[in-house]
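The block underneath contains the structure these notes are about, expressed in structure tokens.
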Amino acid sequence: MTKIDTQTVFAEEMGAVAAPTAGLHFNKHLLKIIREKGVKTGMVTLHIGAGTFMPLREEQLKTKKLHKEHVIVGDELCGKIEQTVSKGGRVIAVGTTVTRALESAASTGTIKPMCGDTDLFIYPGYKFKIVDAIITNFHLPGSSLIMLVSAFIGKEKVKQAYQHAINSGYRFYSYGDAMFLEHSVSKECMNEV
């Protein structure tokens, strides 16, 4: 595996200890096609930390705080998101760290520029403020990433998706296959803690 294999097409800034792996599913050609279809895109700076790949610790479950990751959500992106939301469009996050970044920047209910660390822990019961859909990989059980996915679509849908992936021979984890998740605001999602 080369450096090129582990960099996303979006990569510009130094600072991450790992690639935001959901972004590895995109290349310049795919982005061109997406944009030609009228989809507006925007960039978030993510400094992925090693904590992303660590199993959850008891302290994190007690404090409801995760490892810190530095993120930048700029003015231009906030403007695009506000415009998209005002026109009834959807905000689609590529990856769990983008989701954490956008939800942190929208902690007051409105998206605002942010340059700083997020330790937001999204787990079942969390009320999403800005993200409507997520493109993400199939994550390890017991990780903060699978908890975020469970908060987004509910445990039952996660189980169904993973069973389908296993039955279909999908690849898991950082360099595996991706899934497109649409937010499910069901009683199941709201009551799972």
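Return the only residue of ILE166, ILE146, ILE135 being surrounded by fewer than 21 Cβ atoms within 10 Å (Cβ to Cβ), of a type in the set (Val, Ile, Thr) and assigned to a strand (DSSP E or B).
ILE135
Filter the stretch 84-128 for residues that are of a type in the set (D, E, K, R) and not in a loop (DSSP other than H, G, I, E, B); which is farthest from MET147 (Cα to Cα)?
Within the stretch 84-128, the match that is farthest from MET147 (Cα to Cα) is ASP117.
Throughout, read-outs are computed from the coordinates displayed, never taken from laboratory work. Please read all numbers here as calculations on a predicted model, not as lab measurements. So basically every Cβ, Gly included, is an ideal-geometry build from the backbone, and we count neighbours across all protein chains shown.
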